[in-house]
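Chemist: Attaching a single structure in structure tokens format; questions to follow.
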Amino acid sequence: MEKQSDLLLDIEHLHTAYRLHGKFYDAADDINLTLKRNEILAVVGESGCGKSTIASSIIGLYDHKNTKVTGDILYNELNLVNLNESLFNKIRGNNIGMIFQDPLASLNPLMKVGDQVAETLYYHTDMDEKARHARVIELFNQVGMPRPEEMYEMYPHELSGGLRQRVVIAIAIACKPEIIIADEPTTALDVTIQAQILDLLKEIQKESHSGIVLITHDLGVVAETADQVAVMYAGQIVEKADVKTIFQNPLHPYTRSLLHSMPQTDDESQDLHVIHGTVPSLVNMPRTGDRFAARIPWIPASAHEENPKIHEVEPGHFVRCTCWQSFHFQDEEKKG
Amino acid sequence: MWKTVLRRILIMIPQLLILSLLVFILAKMMPGDPFTGMINPNSDPKEIARLRQEYGLNDPVWVQYTRWLGNMFHGDLGQSYIQKVPVTSLIWDRAVNTFWLSLMTVVLTYLIAIPLGVTAGRHQDEWQDHGVQIFNYITYAVPPFVFYILGIWLFGFTLGWFPISGSVSADVNPGTFAYFWSRFYHLILPSILCSLISTTAIVQYLRTGIVDNKVEDYVRTARSKGVPENVVFNKHILRNSLLPIAAFLGNTITGLLSGSMVIESVFSYPGMGKLFLDSIGQRDYSTLTALILLFGVLTLIGNLLSDIIMSIVDPRIRIK
Ligand SMILES: Nc1ncnc2c1ncn2[C@@H]1O[C@H](COP(=O)(O)OP(=O)(O)OP(=O)(O)O)[C@@H](O)[C@H]1O
Ligand code: SF4
Ligand SMILES: [Mg+2]
């Protein structure tokens, strides 16, 4: 795979459905996203909204018997959807690196952490053992591990959570991939470590000019790192814009309530915007009408659009809601 | 590593002492002593009482215990009250026989169980898995002796492929090739039957291990590195799933000892298990106590072995 164009990923009409009780249910419903070089794209939403589903669809790691993926995930003219496995194995770890949430669980307990990083190099480079070892040490330095030579010989259980996540990051970036997918990379870590890991990701992105898909439920993380933001609710993208727009001019009520539930935002109007309930399960998901309607009682039901489409309200700002025009959120906020 | 082993061996010393004490008390509670067999209408009760005095049987219990323990250390397990020979020599040949039978059985058990467990785990809920599960139900549900008798009937009597009793033919001389071959030939049927029926736990552990490990995060990480699926299976999933099996290896020693009683009896194989049952039948209490002590020691060694194996294969258990 040669590494060039600025558009790294072009996801179009992605549907990912899981088989539950013999029927398929969309966990990712008509996802359209693009990832550009030098860009951090944040995908936010609460638990169960389908963030990890998108990640596993991109990297092609799902149970093929019980998962149906349709649509296009274009990477350099190559469609990753239902790509042949041996071809995909050349891309995974090489062109696309993946960072997972739980750094202890995501490392093999029986292998030295250094060897786990070297394994990636073994499959994607012609380096000999010595060169791989040297490269691992270099990577450990890059991800800020102290005493890398010593660390190479360690087993995952001997390292702290932050160090383990650095190992996972070293694995992901070992072959200088153009695309890095980070699925809640800081959720399992202490707050202080979280900031360090995010800084490290930003640094890596700057140095390697890669594109990062950062999956998170934490708007604080988004504010700090992202360039583009996609807000997801119940398998759909409900709003998509650059980070400034999302924070300054959010249009979808779900985005707005997410912002309001951020701890550092002002206090008064909060009650009004607290979203009650949780994301419906796949089986119970309403298939007609707006999926979010049930959870925003402060807007009259009659005002909702049936099956809202995604609208481009200004260049680069997409909202899955037609009512945004008829509501004056600013006013409402002041009233509250 | 060696420190761990040394530590475990040191821990074994008090365990052994407690074991020996228990066995000694047991032996004291059993009826009879070395002179029981001598009592007959012609013997002089006074003479026997004199002998008892001479052999220290009237000494305080703790004196007897320390003497008994000392003898143990010198490999003197006492006299068989019934056979009138030293227990040590009685047990030695049998122990060698049991050792070979057990070794064959362990090797065969793992050779059969590992491929079955791997197949079942790999093809979870497919026909291969169902086949292995049926095999497992059968080996679990059928009582061993029924299985052995069926095996003897089929392969011994009906087909005549294998000898059905003893450990060696009577017409071969020790030291010749024919002798070794005959011994090996006598081992085949009992070890195959015994191993077939001993696979259940290993197959089940391995299958569950594979099924559980398959969905672990670290397996997903390996896949995300672009590691081919067969390598993901052999290097990551299988190695982690084999851990409990490796630990099991030490414990199989205990299982084999109890198993040997049934198989050796059915095959009239002159090993320790058969000796144990025979000793019960003949009320040969001195031999019984010696065997109980020996089984206890072997169990402790089995556990030690398990711990050592675990510390070798699992870095999380290693003590630095
Ligand atoms: N393999 C699967 N089989 C069936 N249903 C699944 C599977 N994986 C996820 N789901 C369901 O799909 C929906 C989306 O799950 P997903 O893991 O993508 O959510 P998420 O946004 O990553 O949530 P979280 O923040 O908890 O990680 C959920 O309702 C989940 O229960
Ligand atoms: S269409 Fe109605 S229910 Fe849907 S997001 Fe817009 S306001 Fe909410
Ligand atoms: Mg997730």
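The values are calculated or read from the model by the stated rules, or taken from the named source; none is laboratory data. Everything numeric here is computed off the predicted structure, so don't read it as measured data. Please note: Cβ atoms are built from the backbone with ideal geometry, for glycine as well, and neighbour counts cover all protein chains shown. The area values use the complete protein model at the heavy-atom level, side chains included, leaving out ligands, DNA and RNA. Shrake-Rupley method; radii C 1.70, N 1.55, O 1.52, S 1.80 Å.
Chemist: For B:VAL61 and B:GLN124, FRET efficiency with R0 = 41 Å and r from the beta-carbon atoms, rounded to 0.05?
Modeler: With R0 = 41 Å, the Cβ-Cβ based efficiency is 0.10.
Chemist: Evaluate the Debye formula for the protein assembly as shown with equal point scatterers sitting on the alpha carbons, no solvent, and hand back log10 of I(q)/I(0) at q = 0.10 Å⁻¹, in q order, two decimals.
Modeler: -0.98
Chemist: Can you give the accessible area of A:GLU12, probe radius 1.4 Å, in Å² rounded to 10?
Modeler: Accessible area, nearest 10 Å²: 70 Å².
Chemist: What ranking of A:LYS51, A:LYS90 comes out by heavy-atom accessible area, probe 1.4 Å, highest first?
Modeler: A:LYS90, A:LYS51
Chemist: If Lys and Arg each add +1 and Asp and Glu each add -1, what is the summed charge of the other residues whose beta carbon sits under 11 Å from the beta carbon of A:LEU74?
Modeler: Once all neighbours under 11 Å are counted, the net charge is -4.
Chemist: Among residues other than B:ARG223 whose Cβ falls under 9 Å from its Cβ, what is the net charge (Lys/Arg +1, Asp/Glu -1)?
Modeler: So the environment of B:ARG223 carries a net charge of +2.
Chemist: Averaged over its residues, how many other protein chain Cβ atoms are within 10 Å of peptide A:88-99's Cβ atoms?
Modeler: Values: counts 2, 8, 1, 1, 5, 7, 2, 1, 2, 3, 5, 2.
Going residue by residue through A:88-99 and averaging, the value is 3.
Chemist: Which value, in square angstrom to the nearest 100, describes the accessible area buried between chains B and A on both sides, using a 1.4 angstrom probe?
Modeler: 2200 Å²
Chemist: Determine the shape class of chain B: with a ≥ b ≥ c the square roots of the Cα gyration tensor eigenvalues, call it rounded for a/c under 1.5, and otherwise prolate if a/b is greater than b/c, oblate otherwise.
Modeler: Oblate shape, in that a/c is at least 1.5 and b/c is the bigger or equal ratio.
Chemist: Next question, about the same structure. Highest mean first, what order results for B:137-148, A:93-104, A:176-187 on Cβ atoms within 10 Å?
Modeler: On the way: B:137-148: 14.1, A:93-104: 24.2, A:176-187: 22.6.
Averaged packing, sorted descending, gives the order A:93-104, A:176-187, B:137-148.
Chemist: Any idea how far apart B:LEU69 and B:LYS28 come out in nm if each label point goes 7 Å out from Cα toward Cβ?
Modeler: 1.3 nm
Chemist: As a quick test, which of the pairs B:LYS46/B:LYS274; A:LYS112/B:LYS3; A:LYS90/A:LYS309; A:LYS68/A:LYS240; A:LYS36/B:LYS214; A:LYS202/B:LYS214 have an alpha carbon distance above 30 angstrom in this structure?
Modeler: B:LYS46/B:LYS274; A:LYS90/A:LYS309; A:LYS36/B:LYS214; A:LYS202/B:LYS214
Chemist: For the residue pair B:LEU17 and A:LEU7, what label-to-label distance in nm results when each label sits 7 Å from Cα along the Cα-to-beta-carbon direction?
Modeler: Here the answer is 8.1 nm between the modelled labels.
Chemist: Taking the Cα centre of chain B as origin, sum charge times position over the Cβ atoms of Lys and Arg (+1) and Asp and Glu (-1), and report the length of that vector in debye to the nearest 20.
Modeler: My answer is approximately 960 debye.
Chemist: How crowded by other chains is B:210-222, given as the mean number of beta carbons from other chains within 10 Å of each beta carbon? Don't jump to the answer; show the numbers that get you there.
Modeler: Details: counts 0, 0, 0, 1, 1, 1, 4, 10, 13, 4, 8, 16, 9.
Mean shielding by partner chains, rounded to a whole number: 5.
Chemist: Please compute the modelled spin-label separation between A:ASN32 and A:GLU312, points set 7 Å along Cα→Cβ, answer in nm with one decimal.
Modeler: So the two model labels end up 0.8 nm from each other.
Chemist: While we're here: Please get the size of the charge dipole for the protein assembly as shown, origin at its Cα centre, with Cβ charges of +1 on Lys and Arg and -1 on Asp and Glu, quoted in debye to the nearest 20. Don't jump to the answer; show the numbers that get you there.
Modeler: On the way: 54 positive and 68 negative charges, 530 e Å.
Dipole magnitude for the protein assembly as shown comes out near 2540 debye.
Chemist: Let me cross-check B:MET261: its accessible surface, 1.4 Å probe, with only protein heavy atoms counted, in Å² to the nearest 10?
Modeler: Approximately 40 Å² for this residue.
Chemist: Counting only other chains, and only Cβ atoms inside 10 Å, what mean value do you get across the residues of A:105-115?
Modeler: Rounded to a whole number, the mean comes out at 5.
Chemist: A follow-up question, please. So what's the gap between the Cα centers of the range B:212-282 and the range A:175-205, to the nearest angstrom?
Modeler: Answer, in whole Å: 41.
Chemist: I would also like to ask the following. Could you work out how much longer the chain between B:ARG50 and B:ARG283 gets when fully extended? Use 0.36 nm per residue separation minus the Cα distance between them, nm to one decimal.
Modeler: Stretched fully, the B:ARG50-B:ARG283 segment lengthens by 81.4 nm.
Chemist: Same structure, new question: Considering protein heavy atoms only and a 1.4 Å probe radius, which residues within the range A:165-198 exhibit an accessible-area decrease of no less than 10 Å² in the full assembly relative to the chain by itself?
Modeler: Residues of the range A:165-198 that lose at least 10 Å² of accessible area once the other chains are added: A:ILE171.
Chemist: Something else: Rounded to whole Å and sorted largest first, list the principal axis extents of the Cα atoms in the range A:1-72.
Modeler: 43, 29, 18 Å, listed from the longest principal axis down.
Chemist: A follow-up question, please. Can you give me the solvent accessible area of A:GLU153 with a 1.4 Å probe, rounded to the nearest 10 Å²?
Modeler: About 90 Å², ignoring ligands and nucleic acids.
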